[in-house]
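Working notes, beginning with the structure itself.
Computed from the coordinates by the stated procedures, all read-outs in this text should not be read as laboratory data. Owing to the predicted nature of the structure, the values given are computational and were not obtained by experimental measurement. Don't worry about glycine lacking a Cβ; one is built from the backbone with ideal geometry, like all the others, and counts go over all protein chains shown.
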Amino acid sequence: MRWYSILAIYFLVWVVCAFIVLPFGIQTHDEAGRDKIPGQADSAPANFRPLKVVLRATVLSLIISVLIMLNYNEGWITRENLDVFGEPAGFSSGVG
């Protein structure tokens, strides 16, 4: 696999992981016991830390990307493993 393919896979996995870890550890102002600014939404976070989200997403996406690359090289899970229905009855691929 080429380096830019690995980079593209890592970036896509990172974005998904960032959305997954985004709500962890977030508290609203009511949960944190802080006063709200007039006009502020009730669901607005009181303790949002973007650096923590980036760090968690980076670590998680690194682990998942390494597993994806290892699966690509070792062939642990293939398309044949994911084919739960099998070939349809009367299906002909037209080859041979």
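Taking the longest Cα principal axis of the chain as reference, the axis of helix 50-74 is set at about 10 degrees. The slack in the chain from Ala44 to Val59, taken as 0.36 nm per residue of separation less the alpha-carbon distance, amounts to 2.8 nm. With kT/(6 pi eta Rh) evaluated at 10 °C and eta = 1.306 mPa s, and Rh the Kirkwood radius from Cα pairs, the stretch 3-96 diffuses with a coefficient of 91 µm²/s according to Stokes-Einstein. For Lys36 paired with Met1, estimate the spin-label separation in nm (one decimal), with each label point 7 Å from Cα along the Cα-to-Cβ line. My value for the distance between the label points is 4.5 nm. Taking the charge dipole of the chain about its Cα centre, with +1 at Lys and Arg Cβ atoms and -1 at Asp and Glu Cβ atoms, the residue from Leu55, Ile9, Ile26 reaching farthest to the positive side is Leu55. Relative contact order of the chain: 32 percent, from C-alpha pairs under 8 Å at least 6 residues apart in sequence. Our note on the geometry: Cα centres of the stretch 41-96 and the stretch 1-39, 17 Å apart.
Scanning residues 5 or more positions from Thr28 or on other chains, those with amide H under 5 Å from its amide H are Ala46, with H placed 1.01 Å from N in the peptide plane.
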